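The values are calculated or read from the model by the stated rules, or taken from the named source; none is laboratory data. These figures come from a predicted structure and were not determined experimentally. Please note: Cβ atoms are built from the backbone with ideal geometry, for glycine as well, and neighbour counts cover all protein chains shown.
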Amino acid sequence: IALITDCMRAGMMPDGDYVLGEFPVYVKDGMARMKDGDSLAGSVLELKDALTNLLAWNAATPEAIIRMASQTPAASCNIDDQCGSILPGRAADYLVLDADLKLEATYLDGKLGYQAEA
């Protein structure tokens, strides 16, 4: 099982009005809907929240769930020789989460891109 998300740009943003491409959408209570017609517009599910859901559902061990979000998607795209695990010579793009899976930091190309406030 590979965990992926198609989280749109409104992910991590507060409830409100946004644009998806050229379409006006609104986000409310974790759901993105089209302003015209109220149909679902896309996902605002962040991958870390997918991890949290699987842990809460006891769907697998924490180690297996982390693999589902890292090694497995990379392998399914045949790029696991470049990313999906933290090894020398591989892309160093990763998240640092605390024990409650709250985002602490992001690294892109091995460089700190975001640091949560203490």
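I'd like the full set of residues that are farther than 12 Å from LEU47 by Cβ, crowded, with 18+ Cβ neighbours inside 10 Å and not small (Gly, Ala, Ser), limited to segment 73-84.
Quick first cut of segment 73-84, residues farther than 12 Å from LEU47 by Cβ only: 74-84.
Going one step further and asking which of them are crowded, with 18+ Cβ neighbours inside 10 Å, we end up with 74, 83-84.
If the condition is that a residue be farther than 12 Å from LEU47 by Cβ, crowded, with 18+ Cβ neighbours inside 10 Å and not small (Gly, Ala, Ser), then CYS83 is the only one that fits.
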Within segment 1-32, considering residues that are in contact with a Gly (Cβ under 9 Å, 6 or more places away or on another chain) and assigned to a strand (DSSP E or B), the one nearest to PRO73 (Cα to Cα): CYS7
Search result, residues across segment 33-56 that are among the acidic types (Asp, Glu) and part of a helix (DSSP H, G or I): ASP49
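Of all the residues that make up segment 92-118, how many are within 18 Å of the chain's Cα centre (by Cα) and outside any strand (DSSP E or B)?
Residues that pass the stated criteria total 9.
When you check GLY89 against the structure, is it over 19 Å from the mean Cα position of the chain (by Cα), in the same structural domain as TYR107 (by TED's automatic domain parsing) and over 16 Å from LEU101 (Cα atoms), yes or no? Reasoning before the result, please.
Numbers: over 19 Å from the mean Cα position of the chain (by Cα): yes; in the same structural domain as TYR107 (by TED's automatic domain parsing): yes; over 16 Å from LEU101 (Cα atoms): yes.
Answer is yes for this residue.
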Sole residue being within 22 Å of ASP109 (Cβ to Cβ), surrounded by fewer than 17 Cβ atoms within 10 Å (Cβ to Cβ) and modelled with pLDDT under 95, chosen from GLU46, GLU63: GLU46
